[in-house]
Amino acid sequence: MSLVIAPCSFDAAKYAVMNWHYSQAMPAGKLVKYGVWENDKFIGAVIYGRGANKDLGKPYGLEQIEICELVRVALTKHEATVSQIVAQSIKQLKKENPGIRLIISFADPEQNHKGGIYQAGNWIYNGCSQSADEYIVNGERIHGRSLRAKRKSHPIQTNAKNALIWAQQVLDPNAQEVKGSSKHRYLYPLDRNMRKLVSALSLPYPSAVEGSIVSRDTSGIEGQVQSLPTAQRS
Amino acid sequence: MKLETVTIDSLILDPQNARKHSKRNLDAIAASLNKFGQRKPIVVHNGVVIAGNGTLEAAKLLGWTEIAVSQCPSDWDAETAKAYALADNRSSELAEWDQITLSKQLDELSDLGWSIDLLGFDKIELPDFKPEDAEQPRLDQSASNMCPQCSFEWRVGKKGEIEPV
């Protein structure tokens, strides 16, 4: 089986996301898109971006141009393991973006994702992200940021004092705010110093069984749950 | 709606049918009838088929001798029958496929051993995307700016300094 990971077009990446990723949505902003080919057949894409939060690197003492987010792994049936595919894409990303020191990625428990692919790739588990505001509009769950963006670009503008009231006025009278889910956060350091720094933030992996934790060989904190630490620049 | 079974010879294909059935279409209908049997009646007005002409032709190809029909109400005139025939064809034509759901369902059935051809679909072909030489954006650099006066191009560096591009 031949496996090729190489830069791909926006259209190819979008095709993979729309067909093979649960979100069926391309992330916004600057994206590095790697296509995946097995035996010359296009089977998906791995996409990196700046992430939705401009302060993504702050907790790790990093500037925006030193950190990126693995935003999509969209694959159809494949022979290689996902961690193998992601690892190869990281190699390329590192080569083409030598200034990046840390990759971050999130696994959504709402989708029953615990981050198995990151665990298999020996990523560092860094606990859960803070829950964001989310809304139910026309029966669909929508992130607060997406709703505010929708409001901004919508032809109908009102004097509503917040996005929820605007949505109730314009989109769906039954729109409501719901408690957003927090996501599992995984880190992949790209240099030795960064590995040393973020290893100190390592927490035991969440297991597929809700509520239980699994220790990592490299964590050295078996069975211990840490509160979210704050990184110091070394 | 009352269903009845009639001999195929007693039915007449609509000579004014505005829908044409290609060989591929008839093969797909025949394959479906063969696999699933007739699950919907064809609609008949005074012995003429006004909905289901393709089904009748396919049944003939399969050598069937009888077919289930639904008769139009007895007070329908030729004009009403013609209008219904057009509306029946047009209303199904106006529906659209949800390509993602369709592709998933075809994939699932294909995995379970169903032949996609039997369902009237071509083999699922993925677009032929190739690796690209096109340069990807750099995530380790901020966006560059250009001075409108002197065209000097610069970006903000890691420590906030101005870096020429």
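The values are calculated or read from the model by the stated rules, or taken from the named source; none is laboratory data. Computed from a prediction, not measured in an experiment: that's the story for all the values here. Here the Cβ positions follow ideal geometry from the backbone for every residue, glycine too, while neighbour counts run over all protein chains shown.
The table below lists the values:
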{"read-out": "Residue in region A:50-73 that is surrounded by fewer than 17 Cβ atoms within 10 Å (Cβ to Cβ), without any contact (Cβ under 8 Å) to a residue 60 or more places away in the chain and at the interface with chain B (Cβ under 9 Å from one of its Cβ atoms) present", "value": "no"}
{"read-out": "From A:ILE117, A:ILE43, A:ILE90, A:ILE100, residue being within 12 Å of chain B (Cβ to nearest Cβ) and closer than 17 Å to A:TYR188 by Cα", "value": "A:ILE100"}
{"read-out": "Of the criteria (1) more than 11 Å from chain B (Cβ to nearest Cβ); (2) surrounded by 21 or more Cβ atoms within 10 Å (Cβ to Cβ); (3) more than 12 Å from the chain's Cα centre (by Cα), which one A:ALA12 fails", "value": "(1)"}
{"read-out": "Flag for A:GLN157 being in a loop (DSSP other than H, G, I, E, B) and free of Cβ contacts under 8 Å to residues at least 60 places away in the same chain", "value": "yes"}
{"read-out": "Extreme residue, modelled with the lowest pLDDT, among residues of region A:188-203 that are surrounded by fewer than 19 Cβ atoms within 10 Å (Cβ to Cβ) and in a loop (DSSP other than H, G, I, E, B)", "value": "A:ALA200"}
{"read-out": "Residue check, B:ALA95 assigned to a loop (DSSP other than H, G, I, E, B) and modelled with pLDDT under 95", "value": "yes"}
{"read-out": "Long-range neighbours under 6 Å by Cβ, at least six apart or interchain, first residue more than 7 Å from chain B (Cβ to nearest Cβ) within region A:19-34, second among the charged types (D, E, K, R) and assigned to a strand (DSSP E or B)", "value": "A:HIS21/A:ARG72"}
{"read-out": "Verdict on B:SER115 being over 24 Å from the mean Cα position of the chain (by Cα) and either surrounded by 14 or more Cβ atoms within 10 Å (Cβ to Cβ) or not in a helix (DSSP H, G or I) (or both)", "value": "no"}
{"read-out": "Filter result for B:GLU93 (of a type outside the set (Gly, Ala, Ser) and exposed (fewer than 13 other Cβ atoms within 10 Å of the Cβ))", "value": "yes"}
{"read-out": "Selection count, region A:160-187, where residues are in a strand (DSSP E or B) and of a type outside the set (Lys, Arg)", "value": "6"}
{"read-out": "Lone unmet requirement of (1) more than 14 Å from chain A (Cβ to nearest Cβ); (2) without any contact (Cβ under 8 Å) to a residue 60 or more places away in the chain; (3) of a type in the set (D, E, K, R) for B:LYS82", "value": "(2)"}
